[in-house]
Amino acid sequence: MDWVKTINDAIEYLEENLTEEIDLADISKAVHLSAFHFQRAFTLLTGMSPAEYLRKRRLSQAGAELTKGAGKVIDIALKYGYDTPESFTKAFTRFHGVSPAQAKKEQSVRFMSRYSVQITIEGGCIMEYKIEKWEAMDLLLHAKEFNAETCEAEIPKFWDEYYSDEEYKKIPGYLGVCAQEKAGSDKFKYGIGCNAADVDGIPEGFEVIHIPEYEWAVFKCVGPTPKAVQDMWERIYKEWLPVSDYELIPDVDIENYLPGDPSSRDYVSEICIPVRRKKNE
């Protein structure tokens, strides 16, 4: 998969639907990705979430129309997805620094142009990774369904809950596993746990998730968590995927938290993603 093209296709879809009622599931379905992988890739490659991009572009276009005297505030608010003049005025003022009424009068607003994603490869930092073939495996996980748009805030809380529960933390929680749902869905399953072979039986609150045989790209992350892992995810999408002979299989990914002090500067963790060789064009 060409991730740059996919994100640019998503931006084109967003631009064509600025005045339509769309959500994350609609956009991810249009580019044939699960909502979670799309949300992650879009955010890492553009620096903002799809929802934030859509909101800013709508407000930018609304500001341009108001300065041209193109219509009433209420009509423009409804056009760009705001149910009430109050909600539109609040969002508009936060973005532009002036109210819609002031914008019509003073004709001074901010403008955000549409994005076009391009990757510039620069030398310098080494990425340490390996390609390994893993047999099919069963993982024992305490899992929960998450919404792709809110997972960044919810998953860290999920980890806190895991280690605050006396029963759960008896099970080694060294894996963070994102199991993808079908493309176009805005939900996915995320679990904390270990290899099922590490534990006898299936404790209450846990389930076994089967992972098929894959080739895996295993990336070494050095530094305190979660920053080291977050930084490596960004480098994978920006630096590795665009030039690698491999492409991501967006079915599952694993973060492996190795023994040690997660707050240490030399702490080592891993990001493991299933991959396949790109087909020759």
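Just so you know, all these numbers are worked out from the coordinates, no wet-lab data involved. Being a predicted model, the structure only gives us computed values, none of them experimental. Every residue, glycine among them, receives a Cβ derived from its backbone with ideal geometry; neighbour counts consider all protein chains shown.
Please report SER263, SER87, SER49 as a ranked list, fewest other C-beta atoms within 10 angstrom at the top and most at the bottom.
Details: SER263 9, SER87 12, SER49 17.
The order, fewest Cβ neighbours first, is SER263, SER87, SER49.
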Two-site label geometry, ASP200 and LYS279: point separation in nm, points 7 Å out along Cα→Cβ: 4.9
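Could you work out the Rg to Rh ratio of the range 115-268, with Rh taken as the Kirkwood radius (inverse of the mean 1/r over all Cα pairs)? Mind showing how you got there, number by number?
Details: Rg = 16.5 Å, Rh = 17.1 Å.
That ratio equals 0.96.
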Karplus (6.51, -1.76, 1.60) ³J(HN,Hα), θ = phi - 60°, over the range 82-88, in Hz, Gly and Pro reported as x: 9, 6, 10, x, 5, 5, 5
Hits among aspartates and glutamates - C-alpha to C-alpha of LYS278 under 17 Å, sequence gap 8 or more where chains match: ASP2, GLU132, GLU215, GLU239, ASP245, GLU247, ASP251
Prolate/oblate/rounded call for the range 87-161, Cα gyration tensor, a/c under 1.5 rounded: oblate
Those chymotrypsin sites (Phe, Trp or Tyr not before Pro) in the range 71-142 that DSSP places in a loop and that have at most 15 other beta carbons within 10 Å: PHE111
Likely footprinting exposure, LEU54, LEU44, LEU141, fewest C-beta neighbours within 10 Å first: LEU44, LEU54, LEU141
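Starting from the Cα coordinates of the chain, work out the convex hull volume and express it per residue in Å³.
Numbers: hull volume 46.2 nm³, N = 281.
Hull volume over Cα atoms, normalised by residue count, gives 164 Å³.
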C-alpha long axis of helix 50-67 to longest principal axis of the chain, angle in °: 10
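How do the peptides 218-225, 28-35 rank, highest first, by the average count of neighbouring beta carbon atoms within 10 Å per residue?
Values: 218-225: 17.8, 28-35: 21.8.
Answer by packing, highest mean first, reads 28-35, 218-225.
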Dimensions (Å) - the range 3-106, Cα atoms, principal axes, largest first: 43, 22, 21
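Given that compact globular proteins tend to follow 2.2 N^0.38 Å, what is the ratio of the alpha-carbon Rg of the range 64-115 to that value?
On the way: Rg = 10.3 Å, N = 52, 2.2 N^0.38 = 9.9 Å.
For the range 64-115, the normalised Cα radius of gyration is 1.04.
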Nonlocal Lys pairs with alpha-carbon distance under 13 Å, the range 129-277 (8 or more apart, or different chains): 4
Total lysine pairs whose alpha carbons fall under 28 Å of each other in the range 3-106 (8 or more apart, or interchain): 22
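First obtain the Kirkwood hydrodynamic radius of the range 42-167 from its Cα pairs, then insert it into the Stokes-Einstein equation at 37 °C and 0.692 mPa s, and state the resulting D in µm² per second as a whole number. Don't skip to the answer; put the middle values down first.
Details: Rh = 19.0 Å.
Roughly 173 µm²/s, to the nearest whole number.
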